[in-house]
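Participant: Shown below is the structure under consideration.
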Amino acid sequence: MQPLPKLSVTLASDCDVLVIGGGPAGSTAATLLAERGYAVTLLEKAYHPRFHIGESLIPANLPLLEKLGVADEIRAIGMEKWGAEFVSPWHAHKQVYEFAGAKDKSMPMAYQVRRSEFDEILIRNASRKNARVVEGCQVQGVTFSADNASAEVKACHDDGTIETVRARFILDASGRDTFLGNHFKAKKRNKKHNSAAIYGHFSGVERHEGKAAGNITLYWFDHGWFWLIPLADGTTSIGVVVWPYYLKTRKNKLLEEFFQETIALCAPLSVRLKNAKLTSEVEATGNFSYECDRSHGSNYLLLGDAYAFIDPVFSSGVLLAMQSGFVGADTVDKCLSDPKQATAALKKFDKAMKIGPKEFSWFIYRITNPALRDLFMNPSNIFHVKEGVLSVLAGDVFGATNIRRPLRIFRTFYYINSLLNIRRTFKAWKMRKFNIRVVD
Ligand SMILES: Cc1cc2nc3c(=O)[nH]c(=O)nc-3n(C[C@H](O)[C@H](O)[C@H](O)COP(=O)(O)OP(=O)(O)OC[C@H]3O[C@@H](n4cnc5c(N)ncnc54)[C@H](O)[C@@H]3O)c2cc1C
């Protein structure tokens, strides 16, 4: 007997807001809009819990978790992170920054989290707050109506079912897949930065004592820097962020072997890993520094990594993603409930989306520069400079605390240090230019 032809099933639905992607940005926005009574559909191509890199949170994340109502759940899975330790082969000592020293004393700590657990808590919360959450469903196409009053999204469920969803507003929270950025060809490589990363999970990594046990450690080395992130279950996340040319030197070597060889180039990290065992696959990701040339249209917004991502060095990605979810929810609410205010609301959103990348990028672009390294390794609190820098490390960059003056002074110190060491500065500038070149 001939096999029956496979039926192609097409579903159709309507909602107010369609969210593409259920990472921190998408789940945050979906929760807040559903709480305000909007019909929200969130489509996520994976199934939670799923692995994601980005395990170190910063203190400004915590008030957002409180507002979402998930603070207790996150506390239960998180490793307390009270500070960040910097280790440099060019300096004899280690430098620890404690968040309690930032200008705003109300945010002294954060958490290290397994993102599979963290992201699952956020997406289930969206569901609990009445967002329609569909996992295993990948958005594949979007058509905006001629009057920009609605859009139709085409998505494919894992069983092959095609669903079309008509929505008044689209939120792209698809992370580094940058769904709308690709759709509009709006994604641009960051010409000022370029890096690649390799990472994996280990057991048996040596931990610090007491409150410092959960600190993130950053180890500089010749080709970039390593992170060491202790997680609550005893696992430690180790990753290295390198210039793309260095990743290219791997050639045909197995990624795990290349990662272990790279770790061996960093003596103080190797000491902490002497009894460690790799417990996960080793993964790599490259050329991840980009920005989209727009953050919004009249009925869509780009949230979190779907808008921009520069570099993981200050652990700011999850905060910026969730913050964009909060600002994004306010913006959609304004646009849908009071269309006369839409233009102003979208302008405000655009401005808000630029704050994080602007504040962090000044430090990111210079993190491997010897002048900045000197200042980081020998902090002084003259004119509250250290408090200002700590406020940035804590993610307190959205205007609640006045950090303008200390940061201006810090930058002046940086430029003076650079001038006083002009040959070193020129060499570092030339080297960075070479390092950030595009490598296939
Ligand atoms: C090497 C590295 C290390 C990092 N370390 C840190 C860190 O320590 N701390 C930190 O805060 N940040 C870190 N980050 C950044 C952090 O991972 C991201 O900034 C953060 O996850 C962004 O959240 P998001 O919600 O915007 O996107 P994501 O978390 O990426 O979520 C996007 C979701 O969209 C889904 N999706 C994608 N396309 C579609 C589609 N077409 N249809 C349906 N669903 C789709 C994906 O499956 C995913 O679940 C790191 C990044 C890198 C590259």
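The values are calculated or read from the model by the stated rules, or taken from the named source; none is laboratory data. As the structure is a prediction and not an experimental result, all values here were calculated from the model. Note: ideal-geometry Cβ built from the backbone for every residue, glycine included; neighbour counts use all protein chains shown. Quick note on the areas: whole protein, heavy atoms, side chains included, nothing else; ligands and nucleic acids left out. Shrake-Rupley method; radii C 1.70, N 1.55, O 1.52, S 1.80 Å.
Participant: Quantify, in whole percent, the carbon and sulfur part of the accessible surface of the chain (1.4 Å probe; protein heavy atoms only).
Facilitator: 54 percent
Participant: From the helices alone, meaning DSSP H stretches of at least four residues, give me the mean residue ellipticity at 222 nm for the chain, per-run term -39500 (n - 2.57), in deg cm²/dmol to the nearest 500.
Facilitator: Using -39500 (n - 2.57) per qualifying helix, the result is -11000 deg cm²/dmol.
Participant: Over the heavy atoms of residue 413, what accessible area does a 1.4 Å probe trace out, to the nearest 10 Å²?
Facilitator: 70 Å²
Participant: Let me ask you something else. Per residue, how many Å² of accessible area does region 85-139 show with a 1.4 Å probe?
Facilitator: Value returned for region 85-139: 42 Å² of accessible area per residue.
Participant: Shifting gears a bit: What's the local net charge at residue 387, with K and R +1, D and E -1, over the other residues with C-beta under 14 Å away?
Facilitator: Once positives and negatives cancel, what remains is +3.
Participant: Taking a probe of 1.4 Å, how large is the accessible area per residue of region 294-440, in Å²?
Facilitator: Value returned for region 294-440: 46 Å² of accessible area per residue.
Participant: Using a/c under 1.5 as the rounded threshold, could you call region 1-136 rounded, prolate or oblate? The axes a ≥ b ≥ c are square roots of the C-alpha gyration tensor eigenvalues, and prolate needs a/b larger than b/c, oblate otherwise.
Facilitator: It comes out prolate by the Cα gyration axes.
Participant: Classify the chain: rounded, prolate or oblate, from the alpha-carbon gyration tensor (a ≥ b ≥ c, eigenvalue square roots; a/c under 1.5 rounded; otherwise prolate if a/b is larger than b/c)?
Facilitator: prolate
Participant: Between 116, 145, 237, which gets the highest mean-square fluctuation from a Gaussian network model of the chain, Cα cutoff 10 Å?
Facilitator: 145
Participant: If you don't mind, there's one more thing I want to ask. Return the Cα extents of region 326-370 along principal axes one, two and three, sorted largest first, each rounded to a whole Å.
Facilitator: 51, 16, 7
Participant: For region 274-354, what does the convex hull of the Cα positions come to per residue, in cubic angstrom?
Facilitator: For region 274-354, the hull spanned by Cα atoms encloses 124 Å³ per residue.
Participant: What does the charge add up to near residue 292, with Lys and Arg as +1, Asp and Glu as -1, over the other residues with Cβ less than 14 Å from its Cβ?
Facilitator: +1
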